[in-house]
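A short worksheet on the structure shown next.
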Amino acid sequence: MGRKIRVRNAGWHSKSGRASGISAALVMISIAWAVGAARSHGGAADHPSTLRVENVRFTPRDATTATITFDIGWEHSWRHESNHDAAWVFFKVRPEGAAEWRHVRLAADRVLNPTGYGQAADGTRLDLIVPDGADGFTGLLARRAAYGLGRVTAKDVTAVCDRGSVPGFTPDTKVEIRGFGIDMVFVPAGPFELGGGTSPNRFYRVNDTADSSQPFRVTGPGPIPTGQQPGRLWARRGCQPEDGGEIPAAFPNGYAAIYCMKKCITGFQYAGLLNTLPPARAEARSPPDVQRMARSETGGNVTYRATSDGNGHINLSGLSWADGATFAAWAGLRPMTELEYEKITRGPIATGWDTGDSLDHPSFWGVTNMNGWRSPVERPVTVANATGRRFQGTHGLGTTTLPADWPQEDAVGTGFRGGHGESGNPSYRRRADTVATDRQGNYWRGVRTAPSGVGL
């Protein structure tokens, strides 16, 4: 049941210097009905838009900090009682004479709108959120400060950075700085269901009968008991977790709030990574998809770019687990788990979120290309492997080094979810524990755990 509206979806854009581009993809938005009552989905009706992070400046502030000033904008942003979109913004710097780009570490006295963070008086009022903790301060989230729908335009947005994260920096040092932005969607904390139905290898809740069609409900943080005993989480056929064991409490089980990339990694985004890596490292991480990525060399300097504005904002295929994980670590994000994958896809609705067969499949929350039988093949961390179950949700620190709790470049602990021709059921897990290091047909999408206390 539902009224369906065909609209356009907002895309991603990072701008360094004067590079620019526009992304658009068709989406299908429905009004969902659950438990006999009308309930609208999260997200919003999006239109063609461009996330811009531009006019980035870097100036000394005091003995230990500097100010980063930038402009930001995107079309058809939303914030309402269900969820909101946001931009994950981070910076790379290279002091004059230095060979390598360094990730900027921010400084903040609190998470929400810290001291020294602000914007010009005119424009859309923004909340600026700086995640803290041992793996925090790698970037900021910008969202609408009040409920609303439409264009975001903010000038002279200021952030404070730790000058110690820029080796060799002095007040007289010239610094080249690049700002990057990634469209994100907020998925709030709350219960949801895993599995159910009849899909191969699906999750289900064990009961006293042979019925394996009942979903398992995740009702809070903490460990999840697994096995073939009543009340536990189990799975059909292969891709099964530990029998008589548990998914550890530290494993991101989907209950907590996260920010999820609205799109999979695009050509423009991935070019941003490659263009800040040393040449040998960039070559190793360069995908062979020449239709969407190009490599040029001038005077010994190698530059990567998306081949056109249109292709540059299409989900980039041909990424291995290691390619995507490297991007996530470099951007200060992390992999999602397959439990989070189901939460993001189906929402809190008991029967799951279904958009039918259309060109694009948004999730309940407004994350694009993540529902239905045409969804991209993605690479979450799996619970069907001991290495995967050791994942604790640590975020990357802005370098290409993968945190120790992540599945490493050999991809052990990861699996496949989604894919054309698979199934609209988000618990279709036929290849959820398939380990593969090749790049054929794969896409990648990262997430970040939402800081506590920032609200909807």
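The values are calculated or read from the model by the stated rules, or taken from the named source; none is laboratory data. Just so you know, these numbers come straight off a predicted model, no measurement behind them. Positions of Cβ are backbone-derived with ideal geometry, glycine not excepted, and every protein chain shown enters the neighbour counts.
List the number of the failed condition for Gly190; all other conditions in (1) modelled with pLDDT of 95 or more; (2) under 19 Å from Cys260 (Cα atoms); (3) crowded, with 21+ Cβ neighbours inside 10 Å hold.
Among (1) modelled with pLDDT of 95 or more; (2) under 19 Å from Cys260 (Cα atoms); (3) crowded, with 21+ Cβ neighbours inside 10 Å, the lone unmet condition for Gly190 is (3).
Does Ala210 qualify as being among the small types (Gly, Ala, Ser), buried (at least 23 other Cβ atoms within 10 Å of the Cβ) and over 24 Å from the mean Cα position of the chain (by Cα)?
Numbers: among the small types (Gly, Ala, Ser): yes; buried (at least 23 other Cβ atoms within 10 Å of the Cβ): no; over 24 Å from the mean Cα position of the chain (by Cα): yes.
For Ala210, the condition - among the small types (Gly, Ala, Ser), buried (at least 23 other Cβ atoms within 10 Å of the Cβ) and over 24 Å from the mean Cα position of the chain (by Cα) - is not met.
When region 404-420 is examined, which residues are found to be surrounded by 19 or more Cβ atoms within 10 Å (Cβ to Cβ) and in a loop (DSSP other than H, G, I, E, B)? Show your work before the answer.
Of all residues in region 404-420, those surrounded by 19 or more Cβ atoms within 10 Å (Cβ to Cβ) come to 406-407, 411, 413-419.
Trp406, Pro407, Ala411, Gly413, Gly415, Phe416, Gly418, Gly419 - these are the residues of region 404-420 that are surrounded by 19 or more Cβ atoms within 10 Å (Cβ to Cβ) and in a loop (DSSP other than H, G, I, E, B).
I need every pair where a residue in region 376-391 that is among the hydroxyl-bearing types (Ser, Thr, Tyr) and assigned to a helix (DSSP H, G or I) has its Cβ under 7 Å from the Cβ of a residue that is at pLDDT 95 or above and surrounded by fewer than 24 Cβ atoms within 10 Å (Cβ to Cβ), sequence separation at least 6 or different chains.
From residues that are among the hydroxyl-bearing types (Ser, Thr, Tyr) and assigned to a helix (DSSP H, G or I), the pairs are Thr387/Val412.
Run Asp172 past the list (1) part of a strand (DSSP E or B); (2) without any contact (Cβ under 8 Å) to a residue 60 or more places away in the chain; (3) charged (D, E, K, R) and report the number of the one that doesn't hold.
Status for Asp172: all satisfied but (1).
May I ask you to verify whether Asp172 is under 30 Å from Ile314 (Cβ atoms) and of a type outside the set (A, V, I, L, M, F, W, C)? Talk me through it step by step, then tell me what you get.
Numbers: under 30 Å from Ile314 (Cβ atoms): no; of a type outside the set (A, V, I, L, M, F, W, C): yes.
Taking the combined requirement at face value, the residue does not satisfy it.
When region 40-55 is examined, which residues are found to be surrounded by fewer than 24 Cβ atoms within 10 Å (Cβ to Cβ) and modelled with pLDDT of 85 or more?
Arg52, Glu54, Asn55
Within the group Ala146, Ala189, Ala210, which residue is over 30 Å from Leu112 (Cβ atoms) and not β-branched (Val, Ile, Thr)?
One residue alone meets the criteria, Ala210.
Which residues, taken from region 161-179, are more than 23 Å from Asp132 (Cα to Cα) and either surrounded by 14 or more Cβ atoms within 10 Å (Cβ to Cβ) or of a type in the set (D, E, K, R) (or both)? Please lay out each step first, then the result.
Quick first cut of region 161-179, residues more than 23 Å from Asp132 (Cα to Cα) only: 168-176.
Matches in region 161-179: Phe169, Asp172, Thr173, Lys174, Val175, Glu176.
What number of residues within region 53-84 are assigned to a strand (DSSP E or B), under 19 Å from Glu176 (Cβ atoms) and charged (D, E, K, R)?
Counting residues in region 53-84 that are assigned to a strand (DSSP E or B), under 19 Å from Glu176 (Cβ atoms) and charged (D, E, K, R) gives 3.
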